[in-house]
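Reviewing the structure listed below.
Read-outs: derived from the displayed coordinates by stated rules, not from any lab. Quick caveat, the model's predicted, so the values are computed rather than measured. Note that each Cβ is placed from the backbone with ideal geometry, even for glycine, and that neighbours are counted across all protein chains shown.
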Amino acid sequence: MATHSHSPDSHKKWSGRVTRESDALDLERGVFRRGSPKAIARSLKRSAQHSQRRKSGPYRSAMSMLSFYINRAGTNLPAERRRTLERAKDELRTLFGRK
């Protein structure tokens, strides 16, 4: 039986690696740190539309990456930052003409 030796930190690092190296999108540096929901949404839309590596449509890829980031950051996100990112979802829906 194989044993896995994972340090507690290794579980934290994989999500950062996914965000940086994902085949889904080539993200602009610091996209999730931007101050306004519109700026975050515009950047994600731009990345999704220009990506040659995504596996689904631009809207779905952009929304998936945003949701992934929110879910993985989870409890470490300050409430105000979380609200900004949640508002970015609404902005993304608007930019793609979704309800």
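The distance between label points at Gln52 and Phe68 comes to 2.0 nm (points 7 Å beyond Cα on the Cα→Cβ vector).
Rounded if a/c is under 1.5, else prolate if a/b is larger than b/c, else oblate: which is region 31-95, with a ≥ b ≥ c the root eigenvalues of its Cα gyration tensor? Don't skip to the answer; put the middle values down first.
Values: a/c = 2.20, a/b = 1.57, b/c = 1.40.
It comes out prolate by the Cα gyration axes.
Extension gain, Glu86 to Lys38, is 16.2 nm, computed as 0.36 nm per intervening residue step minus the present C-alpha separation.
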